[in-house]
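Here is the structure we will look at, set down as C-alpha cells.
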Amino acid sequence: MSELNHSVELTIDYDQLLADDVPMLDLRAPIEFIEGAFPCATNLPLMSDEERAQVGTCFKQQGQDAAIKLGHSLVAGELRQQRLDGWLNWLNKHPTGVIYCFRGGLRSQTVQQWLSDAGRPVTRVQGGYKALRRRLLQEIETGFEQPGFVLSGFTGSGKTDWLSRSPLSLDLEGYAHHRGSSFGHWGEPQPSPIDFENRLAIARLKQRRAGFEAWLVEDESAMIGRCPLPKRLYERMQQVPVLLLEVPFEQRVRQIQLDYVETMLNHFNGDISRLSSYLQDSLKRLYKRLGDRDWRRLSQQMTDAINQQLLGFDCDGHQEWISELLNRYYDPIYRRHQDSKEHRIVQRGTEEELEHWLAKQSPSQPA
C-alpha cells in the first residue's frame, strides 16, 4: 500500500483519545482485533485475515514493494469500494472519529489517502494500536502507586454493590465480565486478557484525569475467571489498607440468592432450565473440594429448589443449599484468607460505617 504524498493530520494525544471515549476505527485484520482492542473501537479492516496473511508472506519472501503491489491487487475494484463505503458510513456516524492500524503505518496511511480522495479527511493515530496499548500498559504500571484500598468481606456481603457508590472504585469484575467465584460466570465469553487490561487502564486513567488519585478495588484472587490481574496491581493489592464489610449471615444468603438465582434467571430470560444448568455446572467446579458426598447433597438441594420453581413457587427454596455452601465451603476459606490480612485492616463495619470512614480520608493519605 502506498505512502501518503501530501501533508497528513495526525494525533498523539493518547490520553485524550482513551479517556474521552473518542470513536476509533480499527483497520487491523479481524484476528488482530479479537486478540486485543479498545472499548470505543470498531473493526472495519483494510484486509481480511486471509488477505493479510498473503501480503505478510509476500513481504517476507519478496520485500515491501511486492507486498504493497499485492495488497493493492487484493483490495481493488468493487471490493475496495465496498470497504471505502463502510469507512465513510462509519465516519458519517462518528464525525469526530480517528483511524489507526497496528503501528500507524501503511494500512492506516492508505485508508487515510483513500478517504481524502473521496472528500473525507480524517485524523490518523500516530503509532497506531501499538502506541495506544503501550500508553495503557504504562498506566497500569504507574497508575496504582498512589494510595489505595481493598474492600474485603465474606461471600455475599454485597461488596460489588457497595463499591459502585464510590468514585474511587474500579469494578474489576465488571471489566472481566465475571464475578470472581465458581458461580461468577455469566454463561457468556469473557473479554480477552488484553481487553480486560485495556478496560481497567482506561478506567484508572479517567479517574486520575477527574482528580481522583486514590483508588478502591474489591479483594480478588490473581485470576478473575480467565482474566489475570496485572502483576503490578495485584502486588499493590497485597500492600494497601483493607476495609472489611460486615454483613449478617441471613442478609448474605439473600444476596447470593439475588445474585446467582434471581439475577441469573432474569439474565436467561426466565428460562429455568438454563438457570438449572448454570447452577449445577457452577457447583460441579467445586466437586473436588467439596467431596462426593457433600457435592451430591448440595446438587440434590439445587434440584429440589428448581423443581419448586417449576411448580410455580418463588426462589426461596435455594436458601438451603446457599446456606450450607457458605457454612461448609466459602466461609472457612474466607476466614483463612482474612487471617493473612488482619494486620492491614484499618476499618471494619456496615456499609454506612465504611462509607462514612472513607469519606473522611484525605486523598493524599499515604498507603
- Among the lysines, which fall within straight-line cross-link reach of Lys69, defined as a Cα-Cα distance under 28 Å, with same-chain neighbours fewer than 8 residues apart omitted? Lys60, Lys130
- Message: Please list Tyr100, Tyr14 from largest to smallest accessible area, probe radius 1.4 Å, with all protein chains kept in place.
- Response: Tyr14, Tyr100
- Task: Calculate the dipole size of the stretch 255-313 relative to its Cα centre from +1 charges on Lys and Arg beta carbons and -1 charges on Asp and Glu beta carbons; express the result in debye to the nearest 20.
- Result: 360
- Farthest positive-ward along the stretch 178-232 dipole, Cα basis, beta-carbon charges - from Gly180, Ile224, Phe196: Phe196
- Task: Treat every Asp and Glu Cβ in the stretch 260-367 as -1 and every Lys and Arg Cβ as +1, leave all other atoms uncharged, and give the resulting dipole magnitude about the Cα centre to the nearest 20 debye.
- Result: 720
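At 1.4 Å probe size, put Phe196, Phe154 in order of accessible surface, largest to smallest.
On the way: Phe196 0, Phe154 50 Å².
Most to least solvent-accessible, the answer reads Phe154, Phe196.
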- Note on the structure: Nearest 10, in degrees from 0 to 90: the angle of helix 49-62 to the longest Cα principal axis of the chain is 50
- Take every DSSP beta bridge whose two residues both sit in the chain, then give the antiparallel share in percent to the nearest 5. 10
- Message: Just to check I understand the Karplus step: with θ = phi - 60° and J = 6.51 cos²θ - 1.76 cosθ + 1.60, what whole-Hz values come out for the stretch 83-92, glycine and proline as x?
- Response: 6, 4, 4, x, 5, 5, 4, 5, 5, 5
- Accessible surface of Trp186 - all protein chains present, 1.4 Å probe, nearest 10 Å²: 50
- Query: Angle between the Cα long axis of helix 292-310 and the longest principal axis of the chain, 0 to 90 degrees, nearest 10?
  - Reply: 80
- Taking r as the C-beta separation of Trp357 and Gln280 and R0 as 45 Å, the FRET efficiency to the nearest 0.05 is 0.65
- Task: Write down, largest first, the equivalent ellipsoid semi-axes of the stretch 81-203 in whole Å, where each equals the square root of 5 times an eigenvalue of the alpha-carbon gyration tensor.
- Result: 39, 18, 13
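Tell me what the chain gives for mean residue ellipticity at 222 nm when only DSSP H runs of n ≥ 4 count, each as -39,500 (n - 2.57), the sum divided by the residue total, rounded to 500 deg cm²/dmol.
On the way: 19 runs with 191 residues, N = 367.
My calculation for the chain gives -15500 deg cm²/dmol from helical runs alone.
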- Dipole magnitude of the chain about its Cα centre (Cβ charges: Lys, Arg +1; Asp, Glu -1), debye to nearest 20: 980
- Item | Label-to-label distance, nm, for residues given as Ser164 and Asp331 (7 Å Cα→Cβ offset) | 2.7
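How many Å² of accessible area per residue for the stretch 197-347, probe 1.4 Å?
Numbers: 7610 Å² over 151 residues.
Here the per-residue accessible area is 50 Å².
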- Query: Between Thr350 and residues 5 or more places away or on another chain, which pairs have amide H atoms under 5 Å apart, with H built 1.01 Å from N, and which residues are they?
  - Reply: Glu246
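The values are calculated or read from the model by the stated rules, or taken from the named source; none is laboratory data. Remember, predicted model here, so these are calculated numbers, not experimental data. Note that we place each Cβ from the backbone using ideal geometry, even for glycine, and neighbour counts take in every protein chain shown. Each accessible area value is taken on the protein alone, full model and side chains, heavy atoms only, with ligands, DNA and RNA left out. Shrake-Rupley method; radii C 1.70, N 1.55, O 1.52, S 1.80 Å.
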